[in-house]
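This report refers to the structure that appears directly beneath it.
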Amino acid sequence: MRLRLEPRPEPSRLAGWLSPIVATLAVLAIGLMLFSAMGKNPWEAMYVFFIEPIDTLYDIGELLLKASPIMLCAVGLAIGYRANVWNIGAEGQLIMGAIFGGGVALAFHGSTSWLVLPLMLVAGLLGGVLWAAIPAFLRTRFNANEILVSLMLVYVASFILSLLVHGAWRDPEGFNFPQSKMFDDNALLLNLLPETRLNVGFMIALAAVAMAWLFMRMSLVGYQMRVAGLAPAAANYAGISASRTVWLGMLIGGGSAGVAGVGEVAGPIGQLLPIVSPGYGFAAIIVAFVGRLHPVGIFFASLLMSLLYLGGEAAQMRLALPSSVTGLFQGTLLFFLLAADVFIHYRLRVIRTAPAVAKPA
Amino acid sequence: MTDAATTPRLQLTGITKAYPSVIANQDVSLTVLPGEIHAVLGENGAGKSTLMKIIYGAVKPDTGTIAWEGKAVAIANPARARRLGIGMVFQHFSLFETLTVADNIALALEKDRSGDDLPARIREVSTRYGLPLAPDRHIHTMSVGERQRVEIVRCLLQDPRLLIMDEPTSVLTPQAVEKLFETLRRLASEGCSILYISHKLDEIRALCHKATVLRGGKVTGTCDPRHESSTSLARMMIGSDLPHPQHRQAQIGADALVVRDLSLDADDPFGTALHNISLTVRVGEIVGIAGVSGNGQKELMAALSGERRVPDADRIMLLGQAVGRLDAAQRRALGFAFVPEERLGRGAVPEMSLADNALLTAHRQQLVSRGFVRHDAVRAYAVETIRAYGVKAGGPDAIARSLSGGNLQKFIVGREIRQHPKMMIAAQPTWGVDVGAAAQIRQALLDLRDSGVAVLVVSEELDELFEICDRLAVIARGRLSDAKAVSDTNAAEIGLLMSGSFIASGAEPHRPFSPAGMI
């Protein structure tokens, strides 16, 4: 008797939805082993990591607050990924969005107009779009690999932000700290839930999830992008423009990441700092895949990812664990997901020794 | 006669092989005598390939026995089959393009047979059987027919006592088919048994001594094909009589597609460049392009469909407009439809449902409003296509990949025709499609022509082209012959053209015949 992986006649939908759940359970199991190996009580550690961060209303607010930018980035990226457009630079596009949106807030510092916030969101969207347009242009014009270009631009964006907050945009009354002025109240997102820090950014993220679903499921262009991702030759046969697919895939991801950037600086941060994101743009890549590139899946996956961030912080404070625990959990989650995904296209079969057909002569 | 002549070379008894979704072979018995050319006849999906794989050791049967020269054997793998003396020439070749003939053959032989004298033995065997081959030629310079010779010689060098040929003539010109038959007859006269798999009834009647007919995995009869008519063989094969296409007088109208002096470089190293192609297709006629595949059909189709654009827009005129620079969608908007050669991955998205695949090209049929897909209308379009073209599928939600090749082809043909095109191109429309479905597709193309559509058909099957076309042109080495009225030509003439006889001798002085690719 032996085990054999054999291709399924059709990809299994059940395995597709089970895979993220299996991966999450596997991460929990690894967590238990890891905490015991480090000499902590594993059950207490698990409680601190996964339950404590969400046991009060305030904490729930934090969970949703952190999930919002991840959700925004991930739904945008997923549209591109569906079309085989591999934008890895959402983090950079998020930073550019923060710079553009923050720039508007600083330029209109002192104004009381209600228009400042909408203008910031539009500017942030534009910043993300512009930053994503660079790899899109290089890919369609010179066939440059968008994975590399978009990734490298993350660091460029990060340095531009650093340059600004250390230089031109530094708060003159900020005791020389590398940070901008605090934004005015009319440049901040409205609070959504009293007693918490949750703001309107969460509603924006939910709206993006709904729009992404509508776009991918109901629109012809969304359908055509899925075709381009699944069968490029069929897309070419039907006359679906390959360069339009790349442009849309990149710009939608860039735009949503840009809005997420504004959400951060006009939300919990309230000013420009050298670092505006703890890697939401990268975490969104994992979230997009854990969520099966589906807007609804991404909604739940961003909550999970947000919980990993919060749990990691709690574990640092309460259990004196290193901050890399968060990254470790993120990594193992993706690892187990990819492993479990094998069963979408394959199934495990137990092979019993076959009855002999005939004895060799 | 000696005792060896009466003991069957190969005897299968009660072979059954079931897969999770289908029973490929059910209680199949087959007896092949020494020196016999034995046809295995059946539609696609009748279980021919599975049976051959069982004989060649690539698939294990669930039950049943195999006797080789009177002794029961278990053929565990192809190496064991080769040691017994079973050779197989596959429909799809397994040759390395960048290696020479001798290298390719040496790779397949066991060590003790691939010594320094191999080139000499290749020459010897290939001339003895009328299959001339130069051992030091590279595969990529060879035509498909020449590649098949390499495969056959490779088998012959292993002194086979049973040679399995899987649809060997689908890639050959009529003249090459005749030569192949001579070789096979000669082999048989020397005592080698041949299992000949095909669905071409005329060939089987001309070549084979005996035929075993499979339908739905079961043997439906054995006969001597020399004493049967094509009609009676077809009845055994499909279980009913073949519908005959109705051919009405053509009502020729205006020019729908005019190609003028189109030349195009190959876009990949093993592709074929197009040279000065000129072609006119008029409303109400079917023009056929014959030729062995790899002679520029792929490149010509890509240029005509808009999948590859042409710098000079007016080299291709579609319904009076210069369309060379338009993409496939823009050409479709003018009333163009196209059935490509590859169904999965090009004509249809394998992972998507039939409904979603209907949307691929039919979205101009009021299936979209204000940019949003009308899912109900899309489903209705798919359902109606499935019904009207007799597609065997689970319904509009069936995944394209789950359909058999013939059924998916019917769906694609139906999807394209139901868009009411003014100009339609079909490449290899019945390739791998079973006989009944093929007849249905040909009838659909004829009906289209009678309704005043210009139709261009590219096919390797001469019978098919003669059956439905009004005019025929031949493509060879990237050049297209003048189109001739079907009534003014015959298979022999077209076959000659297929070997490139119409190309002026000064065009390529130093190059050997090599349609599949030149560097």
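Values in this text are rule-based calculations from the coordinates and carry no lab data. Bear in mind the structure is a predicted one, so any value in this text is a computation, not a measurement. Positions of Cβ are backbone-derived with ideal geometry, glycine not excepted, and every protein chain shown enters the neighbour counts.
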- Note on the structure: Once both label points are put 7 Å beyond Cα along the C-beta direction, the residue A:203-residue A:244 separation in nm becomes 3.4
- Message: For region B:144-205 and region A:87-159, what is the centre-to-centre distance using only Cα atoms, to the nearest Å?
- Response: 65
- On the first, second and third principal axes, largest extent first, how far apart are the outermost C-alpha atoms of region B:21-72 in Å? 34, 22, 19
- Query: Taking one equal scatterer on every alpha-carbon of region A:209-303, how large is log10 of I(q)/I(0) by Debye at q = 0.13, 0.22, 0.24, 0.25 1/Å?
  - Reply: -0.56, -1.19, -1.29, -1.33
- Query: region B:266-292 to region B:18-86: how many Å between their Cα centroids?
  - Reply: 40
- Task: Express in % the proportion of alpha carbon pairs of the protein assembly as shown at distances exceeding 53 Å.
- Result: 30
- Task: Rank A:108, A:20, A:315 by how far each Cα sits towards the positive end of the charge dipole of chain A (+1 on Lys, Arg Cβ; -1 on Asp, Glu Cβ) and give me just the farthest.
- Result: A:20
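Quick check of the Kirkwood formula: for region B:58-100, what is the inverse mean of 1/r over all pairs of different Cα atoms, in Å?
One over the average 1/r among Cα pairs gives 12.7 Å for region B:58-100.
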- Task: For region B:232-356, calculate the relative contact order in percent as a whole number, restricting contacts to Cα pairs under 8 Å that are 6 or more residues apart.
- Result: 19
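What is the diffusion coefficient of region B:86-212 in µm²/s, taking the Kirkwood radius over Cα pairs and the Stokes-Einstein relation at 25 °C with a viscosity of 0.890 mPa s? Show your work: numbers first, answer last.
Working: Rh = 14.9 Å.
Reported coefficient: 165 µm²/s.
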- List the relative contact order of region B:119-244 as a percent without decimals, with contacts defined as Cα pairs under 8 Å and 6+ residues apart. 17
- Task: Given the options A:90, A:107, A:260, state which has the largest fluctuation in a GNM of chain A using a 10 Å cut-off (strictly under) for Cα springs.
- Result: A:107
- Task: Let me know the Rg and Dmax you get for chain B when you use only its Cα atoms, in Å.
- Result: 24.1, 81
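Could you give the semi-axes, largest first, of the ellipsoid that matches region B:351-394, computed as the square roots of 5 times the alpha carbon gyration tensor eigenvalues and rounded to whole Å?
In descending order the semi-axes read 19, 11, 8 Å.
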- Exposure proxy check: B:48, B:392 ranked by fewest other beta carbons within 10 Å? B:392, B:48
- Which residue, A:291, A:239, A:124, tops the fluctuation ranking in a GNM of chain A built on C-alpha contacts under 10 Å? A:239
- Put a dot 7 Å past each Cα toward the Cβ at residue A:348 and residue A:21; how far apart are the dots in nm? 1.7
- Percent antiparallel among DSSP beta bridges (both partners in the protein assembly as shown, rounded to 5): 55
- The distance between the Cα centres of region A:172-191 and region B:420-458, in whole Å, is 70
- In nm, to one decimal, how far is the residue A:152 label point from the residue B:231 one, both placed 7 Å along Cα→Cβ? 7.3
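List the residue ranges in chain A for DSSP H helices whose C-alpha atoms run 20 angstrom or more along the long axis and whose Kyte-Doolittle average is 1.0 or above.
A:13-37, A:57-82, A:90-107, A:116-142, A:146-166, A:201-218, A:295-319, A:324-345
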- Net dipole in debye of chain B [+1 Lys, Arg Cβ; -1 Asp, Glu Cβ; about Cα centre; nearest 20]: 860
- Task: Using the Kirkwood radius over Cα pairs, work out the Stokes-Einstein diffusion coefficient for region A:253-361 at 4 °C and 1.567 mPa s, in µm²/s as a whole number.
- Result: 75
- Note on the structure: For the protein assembly as shown, the charge dipole (Cβ of Lys, Arg +1; Cβ of Asp, Glu -1; about the Cα centre) points to a positive end, and the Cα of B:270, A:125, B:211 closest to that extreme belongs to B:211
- Given the pairs B:179/B:210; B:53/B:210; B:298/B:422; B:200/B:422; B:48/B:410, which are separated by over 24 angstrom at their Cα positions? B:200/B:422
- Message: Can you compute the equivalent ellipsoid semi-axes for region A:106-236, i.e. the square root of 5 times each eigenvalue of the Cα gyration tensor, sorted largest first and rounded to whole Å?
- Response: 35, 24, 12
- Per the charge dipole of the protein assembly as shown (beta-carbon charges, Lys/Arg positive, Asp/Glu negative, Cα centre), the residue among B:25, A:213, B:501 reaching farthest to the positive end is B:25
- Query: Once you sort the root eigenvalues of the Cα gyration tensor of region B:419-474 as a ≥ b ≥ c, which label holds: rounded (a/c under 1.5), prolate (a/b larger than b/c) or oblate (the other case)?
  - Reply: oblate
